[in-house]
Amino acid sequence: MSRFAIPDTVSGRDIRAIRKKLGMTQGEFAELVHVSSKTIERWETGKKEITGPVTTLVKILNEYPQIGEDYVIPERIYPLRLWYMSENRVCTIIDVDERSRQVKVYNFTRDYMERAFGKEEHPDFEAYEAFLESRCFPESRDKMKLILKDLDLPFYDPLLIIEKTKGKMAEDDFWIRIER
């Protein structure tokens, strides 16, 4: 007997019902649960009971249907987008308009220690600049000019340094992907 109040199986009807409840196509639902569109189609049209992790996902999505929306990657609103990652997980997306000094942040974790700006939900441009500086070596570092030369950079600029180093630091697993 199961120790959890989650069914051991779900039916194709259950899969279709939760997909419709979420307002998703088969392809979108397949992306959410990390299977192929063909698998969703086979599940929904088949008579066989479905087992595995999807049973837990269906239970959670039925109880908290908004959770799917919480993890949708928003359209980019500014020219620059930074993906603050922990290994292969998206923690924070930062959209930046450097000209108007505007910053928009999207957090994909509730753990403040994994967010780019911690508890701060609406950082200003100065906080963004401080974040960039925190993800590269300090400007006062000894032999900085040699490091810049190794990176093929003419001067100290945190964003340019992060483009070269991905903002990786020896003491953690975070890194940054930049989209322009």
Just want to confirm a number: the relative contact order over the chain, from Cα pairs under 8 angstrom separated by 6+ residues, in percent. 17
Only four residue types carry charge here, +1 at the Cβ of Lys and Arg and -1 at the Cβ of Asp and Glu. Report the dipole size of region 56-180 about the Cα centre in Debye, rounded to the nearest 20. 320
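Taking only DSSP H segments of four or more residues, each worth -39500 (n - 2.57), what value at 222 nm results for the chain once the sum is divided by all its residues, to the nearest 500 deg cm²/dmol?
On the way: 8 runs with 67 residues, N = 180.
Estimated from H runs of four or more residues: -10000 deg cm²/dmol.
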Loop-located chymotrypsin sites (Phe, Trp or Tyr not before Pro) in region 77-180, at most 10 other Cβ atoms within 10 Å (DSSP): PHE155
Count of Lys pairs (Cα-Cα under 28 Å; at least 8 positions apart or interchain) in region 49-180: 16
Show the residues, 5+ positions off or on another chain, whose built amide H is closer than 5 Å to the amide H of PHE117. none
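At 1.4 Å probe size, put THR9, THR25 in order of accessible surface, largest to smallest. It would help to have the intermediate numbers written out before the result.
Values: THR9 50, THR25 75 Å².
Final ranking, largest accessible area leading: THR25, THR9.
Can you tell me the convex hull volume per residue for region 112-151, based on C-alpha atoms, in Å³ to the nearest whole number? Intermediate values should be presented prior to the final figure.
Details: hull volume 3.5 nm³, N = 40.
It is 87 Å³ per residue.
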Among GluC sites (Glu not before Pro) in region 3-108, those in a DSSP loop whose Cβ has at most 14 other Cβ atoms within 10 Å are GLU49, GLU75, GLU87, GLU98
In square angstrom, what is the accessible area per residue of region 70-180 with a 1.4 angstrom probe? 64
Quick check: pseudo-label points 7 Å beyond the Cα along Cα→Cβ at ALA17 and HIS122, how many nm apart are they? 4.1
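Ratio to report: Rg/Rh of the chain, with Cα atoms as the point set and Rh obtained by the Kirkwood method; give two decimals.
Working: Rg = 21.6 Å, Rh = 19.3 Å.
Expressed as Rg/Rh, it is 1.12.
Which value in Å does the Kirkwood hydrodynamic radius of region 28-87 take, with 1/r averaged over all unlike C-alpha pairs and then inverted?
Numbers: mean 1/r = 0.0709 Å⁻¹.
One decimal place: 14.1 Å for the Kirkwood radius.
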VAL33 accessible area, nearest 10 Å², 1.4 Å probe? 20
Exactly which chymotrypsin sites (Phe, Trp or Tyr not before Pro) in region 1-81 are in a DSSP loop and have at most 16 other Cβ atoms within 10 Å? PHE4, TYR71
What Rg and what Dmax come out for region 88-180 when only alpha-carbon atoms are used, in angstroms? 13.8, 39
SASA check, LYS20, accessible area w/ 1.4 Å probe, all protein chains in place, rounded to nearest 10 Å², comes out at 120
Expressed to one decimal in nm², the mean projection of the alpha carbon convex hull of region 58-124 is 5.4
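The values are calculated or read from the model by the stated rules, or taken from the named source; none is laboratory data. Just so it is clear, the structure is predicted and the values come from calculations on it, not from any experiment. We place every Cβ from the backbone using ideal geometry, glycine too, and count neighbours over all the protein chains shown. We work out accessible area using only protein heavy atoms, side chains counted, and drop any ligands, DNA or RNA first. Shrake-Rupley method; radii C 1.70, N 1.55, O 1.52, S 1.80 Å.
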